[in-house]
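Chemist: Sharing a structure below in structure tokens format, with a few things to ask.
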There are 2 protein chains.
Amino acid sequence: MNNITIKDIANALGISNSTVSRALRDSHEISEDTKAKVIAYAKAVNYHPNPIAQSLRENKSYSIGVIVPEIANNYFSEVINGIDSVASQHDYHVVIYQTHESYEREISTIQHVLSRKADGLIISLSLETNDYSHIHSAMEDNFPIIFFDRVPPIENCYKVVSDNYEGAYKATKHMIEKGKKRIAHITSPPVLSITKERLAGYKAALKDNNIEVDDQLIKYCGFEPKDAFVVIDELIKNQKPDSIFVCSDRLALNCLEAIKNNPSEESKDLGLIGYTNLKTANLLYTPLSTIRQPAFEMGEKAAELLIKVLKSKNQIVDFETIILKNELIIR
Amino acid sequence: MNNITIKDIANALGISNSTVSRALRDSHEISEDTKAKVIAYAKAVNYHPNPIAQSLRENKSYSIGVIVPEIANNYFSEVINGIDSVASQHDYHVVIYQTHESYEREISTIQHVLSRKADGLIISLSLETNDYSHIHSAMEDNFPIIFFDRVPPIENCYKVVSDNYEGAYKATKHMIEKGKKRIAHITSPPVLSITKERLAGYKAALKDNNIEVDDQLIKYCGFEPKDAFVVIDELIKNQKPDSIFVCSDRLALNCLEAIKNNPSEESKDLGLIGYTNLKTANLLYTPLSTIRQPAFEMGEKAAELLIKVLKSKNQIVDFETIILKNELIIR
DNA sequence: TTATTTTCCGGCAACGTTCCCGACAACGAT
DNA sequence: ATCGTTGTCGGGAACGTTGCCGGAAAATAA
């Protein structure tokens, strides 16, 4: 490998370590003459500073940890894409971890990120997380954390979210305007922040349009395919909805499959709307209108916010919550 | 942050640095007595070794670079998922980069991975890459590289690929058995290794079934949506295929959209088969049989191979090419 | 001329870790 | 009593950087 160090340059040029170091950082203490020599030689031998040594010296790693429930999920991978685009511009690199929706893994992963000396963290919480002491203890150490999408119920922290309430409201309103009366809501487990907010939006839209909220039409559904089958079957058999508002990518896939495979006649005429970033939404067997989250942009915003915090390490950056609008796509 | 060092422990216990270090690494040179003390104290103060200092000392970073064309592509994110699962088991962390299909970015990204002192690299080449000098120069420095999916035409290197020839053969044969005679082939740009291999499989299947290869039915298509529209329109208007074999995730999406929007009658009866990892293939408006690559497994194999190379740093690991089977999923 | 400031550079320590080398007991063997 | 052994530990250097301190030569001021 190419392992030329500052010392090698110093020896070759017959000058000292620190002179080389300063010349390379364009210090005013070094004459233009020697600067030129050093830079020329460094380029000739293809010198690159050793980032590990720099990290040790500066106590910074120029890496940011990203923790998501699943990488192989279109929504999250788009977010990562956005994070990456901003981070690489600022010469940070992105180290990705996944929890697979496990609380245990979330704890150990955060621990790992900390001990690996990442400069900061961008995270979306796992499904199982309903205790936040691991978060609090990391935050008490002044470790910079940006939450996105699935955020904890903590006041003073940095958050990037989409306007779930409004998105769900729009989706529900759209179904109402299409003449639907019994709009079922299939959503993620109730611990998640997004679940609560979307549910609130759904209920508000119903109330504002004088439709009574029927709790029987609201179903929390796990992410296993069979969960969706059970929920869909029960719903269609007993509740007779005329439409369904499904939240989240994975639920949408599972539910669509369950609906497609449901033998009853009612399943054929269901109006469907999803809260999802599925790229194939317009190619499905049944047109699927969607609320689409600005995933890439959320990643960008989260990364920008984190880097702002990192760069202004001494001044305090006020905690803020960035709320992005969702888009209603009618198909 | 929690920044206790070996020195802190040494001072607190009134022993030397090196004794602490050795005690923590369970050296035989240290008495069980002091070992126990050190370990107990380390645990009490929640000591974690500083990986950056270790990296500097050992000249290893315990990180592996992964370069893909696009993160937000289901195939690649599943591969990354596989890589991550193996790497994290071995305490390596995964640093992800994307080229956005740009040759320039591929070069600079590899340079970045090298200067960031990753221990090794797993890469799938960009679309534009048809010169391999950047690869060669990295390999000459003995930098461990594993290629997957889109591999370079280099003999002596580590590769993980799927059996593209066989996959394309199976897909084409399947269409023939369904009675199709004019099977068009829409595929990625011809520089890619996967393009050539799949094309060869396609042709072989036709020949083996006494169907003449019609070069007019073979279309190379870029990844922009409009590219697919142009290709599909031309095909349907002039070549009258009775079925289409589309390669790659992104092409499949674009082509399906183009076909769906094509006004002609012929487009309705087209038999379709894709070479893709689309999760929604069974939910599309038209049933899409697919050749499915074992993406997760490819990631696993690539990571396992890389780690094997890294761990046996002195002995030479023979270059090898791992070929994984594809699955024909009929819908 | 002498005094004072610049200009330019080298020496050294430090970041946290590991490893080589040597030291100094205690021990049994000669 | 002397000599090697064994067990246990400390000192110091090194990984590649950067920053502080100080110092010699050159330039300017007196």
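Chemist: Let me spell it out: the conditions are (1) closer than 30 Å to B:Y275 by Cβ; (2) open to solvent by less than 40 Å² (accessible area, probe 1.4 Å); (3) among the polar types (S, T, N, Q), and B:S63 meets all of them except one. Which number is the exception?
Modeler: Condition not satisfied by B:S63: (1).
Chemist: Any residue at all in region A:24-41 that is open to solvent by less than 10 Å² (accessible area, probe 1.4 Å) and in a helix (DSSP H, G or I)? Walk me through how you get there before you give the answer.
Modeler: Filtering region A:24-41 down to residues open to solvent by less than 10 Å² (accessible area, probe 1.4 Å) leaves A:38.
Filter once more, keeping what is in a helix (DSSP H, G or I): A:38.
The answer is yes, given that some residue of region A:24-41 is open to solvent by less than 10 Å² (accessible area, probe 1.4 Å) and in a helix (DSSP H, G or I).
Chemist: Filter region A:171-223 for residues that are closer than 25 Å to A:S267 by Cβ, among the charged types (D, E, K, R) and touching a residue at least 24 places away in the same chain (Cβ under 8 Å); which is least open to solvent (accessible area, probe 1.4 Å)?
Modeler: Filtering region A:171-223 for residues that are closer than 25 Å to A:S267 by Cβ, among the charged types (D, E, K, R) and touching a residue at least 24 places away in the same chain (Cβ under 8 Å), the one least open to solvent (accessible area, probe 1.4 Å) comes out as A:R198.
Chemist: In addition: Within region A:93-114, how many residues are closer than 19 Å to B:I52 by Cα and open to solvent by less than 20 Å² (accessible area, probe 1.4 Å)?
Modeler: Number of matching residues: 6.
Chemist: Of everything in region A:74-93, what is under 13 Å from B:D84 (Cβ atoms) and either within 16 Å of DNA strand C (Cβ to nearest atom) or over 11 Å from the mean Cα position of the chain (by Cα) (or both)? Give them in sequence order. Show your work before the answer.
Modeler: Looking only at region A:74-93, we keep the residues that are under 13 Å from B:D84 (Cβ atoms), and these are A:76-77, A:80.
Within region A:74-93, no residue meets the criteria.
Chemist: Given the conditions (1) more than 7 Å from DNA strand D (Cβ to nearest atom); (2) assigned to a loop (DSSP other than H, G, I, E, B); (3) open to solvent by 70 Å² or more (accessible area, probe 1.4 Å); (4) not charged (D, E, K, R), and given that A:I15 satisfies all but one, which numbered condition is not satisfied?
Modeler: Evaluating A:I15 over (1) more than 7 Å from DNA strand D (Cβ to nearest atom); (2) assigned to a loop (DSSP other than H, G, I, E, B); (3) open to solvent by 70 Å² or more (accessible area, probe 1.4 Å); (4) not charged (D, E, K, R) leaves (3) as the failure.
Chemist: Being free of Cβ contacts under 8 Å to residues at least 12 places away in the same chain and under 19 Å from A:L270 (Cα atoms) is the filter here; which residues of region A:224-233 pass it? Lay out the reasoning, then the answer.
Modeler: If we filter region A:224-233 for residues that are free of Cβ contacts under 8 Å to residues at least 12 places away in the same chain, which is where we start, we get A:226, A:230.
Of everything in region A:224-233, just one residue is free of Cβ contacts under 8 Å to residues at least 12 places away in the same chain and under 19 Å from A:L270 (Cα atoms), namely A:V230.
Chemist: While we're here: How about region B:58-151: which strands (runs of 3 or more DSSP E) wholly inside it have at least 1 residues that are over 27 Å from B:D318 (Cβ atoms) and facing chain A (nearest Cβ under 9 Å)?
Modeler: Numbers: elements: B:63-68, B:93-98, B:120-123, B:145-148.
Those strands (runs of 3 or more DSSP E) span B:93-98.
Chemist: Among what's in region B:302-331 and is under 20 Å from B:S193 (Cα atoms) and hydrophobic (A, V, I, L, M, F, W, C), pick the residue that is least open to solvent (accessible area, probe 1.4 Å). Full working, then the answer.
Modeler: At the first step, the residues of region B:302-331 found to be under 20 Å from B:S193 (Cα atoms) are B:302, B:319-327.
Narrowing the set further to residues that are hydrophobic (A, V, I, L, M, F, W, C) leaves B:302, B:319, B:322-324.
On the way: B:A302: 0, B:F319: 106, B:I322: 34, B:I323: 98, B:L324: 17 Å².
If we take residues in region B:302-331 being under 20 Å from B:S193 (Cα atoms) and hydrophobic (A, V, I, L, M, F, W, C), then B:A302 is least open to solvent (accessible area, probe 1.4 Å).
Chemist: Given (1) within 21 Å of B:L127 (Cα to Cα); (2) surrounded by fewer than 20 Cβ atoms within 10 Å (Cβ to Cβ), where does B:V246 come up short, assuming only one miss?
Modeler: Just one mismatch for B:V246, condition (2).
Chemist: Looking at region B:42-57, which of its residues are open to solvent by 60 Å² or more (accessible area, probe 1.4 Å), at the interface with chain A (Cβ under 10 Å from one of its Cβ atoms) and in a helix (DSSP H, G or I)?
Modeler: B:Q54, B:L56, B:R57, listed by residue number.
Chemist: Report whether or not A:I4 is of a type outside the set (S, T, Y) and either within 16 Å of DNA strand D (Cβ to nearest atom) or in contact with an Asp or Glu (Cβ under 7 Å, 6 or more places away or on another chain) (or both).
Modeler: Working: of a type outside the set (S, T, Y): yes; either within 16 Å of DNA strand D (Cβ to nearest atom) or in contact with an Asp or Glu (Cβ under 7 Å, 6 or more places away or on another chain) (or both): yes.
Considered against the rule, which asks whether it is of a type outside the set (S, T, Y) and either within 16 Å of DNA strand D (Cβ to nearest atom) or in contact with an Asp or Glu (Cβ under 7 Å, 6 or more places away or on another chain) (or both), A:I4 comes out as yes.
Chemist: Is it the case, given these coordinates, that B:L253 is in contact with a strand residue (DSSP E or B) (Cβ under 7 Å, 6 or more places away or on another chain) and of a type in the set (A, V, I, L, M, F, W, C)?
Modeler: On the way: in contact with a strand residue (DSSP E or B) (Cβ under 7 Å, 6 or more places away or on another chain): no; of a type in the set (A, V, I, L, M, F, W, C): yes.
No; evaluated as a whole, the condition is false for this residue.
Chemist: Moving to a separate point now. Return the residue satisfying two criteria in turn: it lies in region B:29-57 and is farther than 30 Å from A:N3 by Cα and of a type in the set (G, A, S), and of such residues it is nearest to DNA strand C (Cβ to nearest atom). Give the derivation first.
Modeler: Pass one, region B:29-57, residues farther than 30 Å from A:N3 by Cα: B:29-47.
Subsequent filtering for residues that are of a type in the set (G, A, S) retains B:31, B:36, B:40, B:42, B:44.
On the way: B:S31: 12, B:A36: 18, B:A40: 17, B:A42: 10, B:A44: 15 Å.
Checking each candidate, the answer is B:A42.
Chemist: In addition: Take B:A44 and tell me if it is within 18 Å of A:S115 (Cβ to Cβ), more than 16 Å from the chain's Cα centre (by Cα) and not assigned by TED's automatic domain parsing to the domain that holds B:L125.
Modeler: Numbers: within 18 Å of A:S115 (Cβ to Cβ): yes; more than 16 Å from the chain's Cα centre (by Cα): yes; not assigned by TED's automatic domain parsing to the domain that holds B:L125: yes.
Considered against the rule, which asks whether it is within 18 Å of A:S115 (Cβ to Cβ), more than 16 Å from the chain's Cα centre (by Cα) and not assigned by TED's automatic domain parsing to the domain that holds B:L125, B:A44 comes out as yes.
Chemist: Another question about this same structure. Would you check which residues across region B:30-59 are within 12 Å of DNA strand D (Cβ to nearest atom) and in contact with a Lys or Arg (Cβ under 6 Å, 6 or more places away or on another chain) and list them?
Modeler: From region B:30-59, those within 12 Å of DNA strand D (Cβ to nearest atom) are B:30-38, B:50, B:52-59; that's our starting set.
Residues satisfying the conditions are B:I30, B:I52.
Chemist: Hey, any hits in region A:66-89 for a residue that's of a type in the set (S, T, N, Q), crowded, with 16+ Cβ neighbours inside 10 Å and free of Cβ contacts under 8 Å to residues at least 12 places away in the same chain? Let's see the steps before the verdict.
Modeler: So in region A:66-89, the residues of a type in the set (S, T, N, Q) come out as A:73-74, A:77, A:81, A:85, A:88-89.
Subsequent filtering for residues that are crowded, with 16+ Cβ neighbours inside 10 Å retains A:73-74, A:77, A:81, A:85, A:88.
Remaining after also requiring free of Cβ contacts under 8 Å to residues at least 12 places away in the same chain: A:77, A:88.
Yes, region A:66-89 contains a residue that is of a type in the set (S, T, N, Q), crowded, with 16+ Cβ neighbours inside 10 Å and free of Cβ contacts under 8 Å to residues at least 12 places away in the same chain.
Chemist: For the subset of region A:281-301 comprising residues that are under 24 Å from A:R150 (Cβ atoms) and of a type in the set (S, T, N, Q), which member is surrounded by the most Cβ atoms within 10 Å (Cβ to Cβ)? Let's see the steps before the verdict.
Modeler: Looking only at region A:281-301, we keep the residues that are under 24 Å from A:R150 (Cβ atoms), and these are A:281, A:288-301.
Now drop any that are not of a type in the set (S, T, N, Q), which leaves A:289-290, A:293.
Values: A:S289: 20, A:T290: 24, A:Q293: 26.
Within region A:281-301, the match that is surrounded by the most Cβ atoms within 10 Å (Cβ to Cβ) is A:Q293.
Chemist: Next up: Taking the conditions exactly as written (under 18 Å from A:C221 (Cα atoms) and facing another protein chain (nearest Cβ under 10 Å)), does A:K260 satisfy them or not? If you could, list the steps in order and put the result at the bottom.
Modeler: Working: under 18 Å from A:C221 (Cα atoms): yes; facing another protein chain (nearest Cβ under 10 Å): yes.
For A:K260, the condition - under 18 Å from A:C221 (Cα atoms) and facing another protein chain (nearest Cβ under 10 Å) - is met.
Chemist: For B:L13, which of the numbered conditions (1) more than 11 Å from DNA strand C (Cβ to nearest atom); (2) touching a residue at least 40 places away in the same chain (Cβ under 8 Å) fails to hold?
Modeler: So the condition that B:L13 fails would be (2).
Chemist: Among the listed residues A:K7, A:K117, which satisfies the condition of being within 16 Å of DNA strand C (Cβ to nearest atom) and surrounded by 20 or more Cβ atoms within 10 Å (Cβ to Cβ)? Step through it out loud before you land on a result.
Modeler: On the way: A:K7 fails: surrounded by 20 or more Cβ atoms within 10 Å (Cβ to Cβ).
None of the other options fit; the residue is A:K117.
Chemist: Return the total of residues in region A:283-310 being in contact with a Ser or Thr (Cβ under 7 Å, 6 or more places away or on another chain) and within 18 Å of A:G82 (Cα to Cα).
Modeler: 4
The values are calculated or read from the model by the stated rules, or taken from the named source; none is laboratory data. The structure presented is a predicted model; accordingly, all values stated were derived computationally and were not measured. Methodologically, a virtual Cβ is constructed for each residue, glycine included, from the backbone with ideal geometry; neighbour enumeration extends over all protein chains shown. Just so you know, the surface numbers come from the protein's heavy atoms only, side chains and all, with ligands and any DNA or RNA stripped out. Shrake-Rupley method; radii C 1.70, N 1.55, O 1.52, S 1.80 Å.
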